[in-house]
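The values are calculated or read from the model by the stated rules, or taken from the named source; none is laboratory data. Remember, predicted model here, so these are calculated numbers, not experimental data. Here the Cβ positions follow ideal geometry from the backbone for every residue, glycine too, while neighbour counts run over all protein chains shown.
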Amino acid sequence: MEKKPFDISVAVTRLRTAVRPWPKAALFQLAEEGFTSAFEQLLACIISIRTFDEVTLPVSRKLFERARTPAGLCELTYEELDALISPSTFHERKAAQMLAIAQRVRDEFGGNLPCEREVLLSFAGVGPKCANLVLGIACGEPFISVDVHVHRVTGRWGYVKASTPEKALLALEAQLPREYWIEINRLLVPFGKHVCTGNRPHCSTCPVLDMCEQVGVKAHR
């Protein structure tokens, strides 16, 4: 069957419907629960690194029961914070990074984390993915967050050609309409987990199969 040209607006419309039954990506779910500050979103994103959403969500909620602000986090000892986030991967390193961030936000920015990409990227342990997610979700600023799902799915579609998430970010910034910059991560995380999976994707149930080039797909369901 000949593929149609890939129309991102059509794809987004179909994906909005397709992802409704599945759990939302962790940071978007936390925002719906009221954890909308840049500081809360940044802490949750750090927790989420190399950690499944099924762990990130309860760990973040448990932490926020104790501390939701830089001042509150600074009241915790390293040992207390490490224990709170211990189910997260690399929790020892993350606890130290989070305390350092809280102290710096308290001392340099009066306790309010600014919505500035340069500031976010200046913190140890914070890369473009987390910085862009925080800016998009907490600050409402148009930034694209590219994780493994966004990189894999957009490449498999043939929408962009990029060998790394970093290169995919640049390609998407050049091609993806700005109105979808925040939403693309919200849609493609659950879509990548449940349909366009890493191994043997569920192409038979894919809502955009008629447009997808299936780049690199050798076997599918």
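The residues of the stretch 154-196 that are under 17 Å from Arg16 (Cα atoms), among the β-branched types (Val, Ile, Thr) and touching a Ser or Thr at 6+ places or on another chain (Cβ under 9 Å), listed by number, are Ile182, Ile184, Val195.
Every listed requirement among (1) farther than 20 Å from Ala18 by Cα; (2) out of contact with any Ser or Thr (no Cβ under 7 Å at 6 or more places or on another chain); (3) surrounded by 21 or more Cβ atoms within 10 Å (Cβ to Cβ) is met by Gly136 save one, (2).
Among the residues of the stretch 30-51, write down those that are buried (at least 17 other Cβ atoms within 10 Å of the Cβ) and either of a type in the set (Lys, Arg) or touching a Pro at 6+ places or on another chain (Cβ under 7 Å) (or both). Passing the criteria: only Phe39.
For beta carbons closer than 6 Å, sequence separation of 6+ or different chains, a first residue in the stretch 114-130 that is more than 16 Å from Gln103 (Cα to Cα) and a second that is in a loop (DSSP other than H, G, I, E, B), the qualifying pairs are Cys115/Cys139; Lys129/Ser145; Lys129/Asp147. Taking every residue in the stretch 70-86 that is within 17 Å of Arg106 (Cα to Cα) and of a type in the set (Phe, Trp, Tyr) and pairing it with any residue that is surrounded by 13 or more Cβ atoms within 10 Å (Cβ to Cβ) and at pLDDT 95 or above, at least 6 positions away or on another chain, the pairs with Cβ-Cβ distances below 7 Å are Tyr78/Ala95; Tyr78/Ala96; Tyr78/Leu99.
Results for (1) crowded, with 16+ Cβ neighbours inside 10 Å; (2) closer than 21 Å to Thr56 by Cα; (3) within 15 Å of the chain's Cα centre (by Cα), shown as yes or no for each residue.
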position: Glu79; (1), (2), (3): no, yes, no
position: Thr89; (1), (2), (3): no, yes, no
position: Glu92; (1), (2), (3): no, yes, no
position: Ile101; (1), (2), (3): yes, yes, no
position: Val105; (1), (2), (3): yes, no, no
position: Asn112; (1), (2), (3): no, no, no
position: Cys115; (1), (2), (3): no, no, no
position: Ser122; (1), (2), (3): no, no, no
position: Glu141; (1), (2), (3): no, no, yes
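Residues being among the charged types (D, E, K, R) and crowded, with 16+ Cβ neighbours inside 10 Å: count how many of those fall in the stretch 184-221. The total comes to 2.
Counting only helices (runs of 4 or more DSSP H) that fall entirely inside the stretch 2-117 and contain at least 2 residues that are closer than 27 Å to Leu187 by Cα and modelled with pLDDT of 95 or more, the qualifying elements are 8-18, 26-32, 38-48, 53-66. Among the numbered conditions (1) in contact with a helix residue (DSSP H, G or I) (Cβ under 9 Å, 6 or more places away or on another chain); (2) at pLDDT 95 or above; (3) assigned by TED's automatic domain parsing to the domain that holds Thr36, the only one that Ala168 does not meet is (3).
Within the stretch 55-64, if we keep just the residues that are surrounded by fewer than 17 Cβ atoms within 10 Å (Cβ to Cβ) and touching a helix residue (DSSP H, G or I) at 6+ places or on another chain (Cβ under 9 Å), the residue that is farthest from Arg104 (Cα to Cα) turns out to be Val55.
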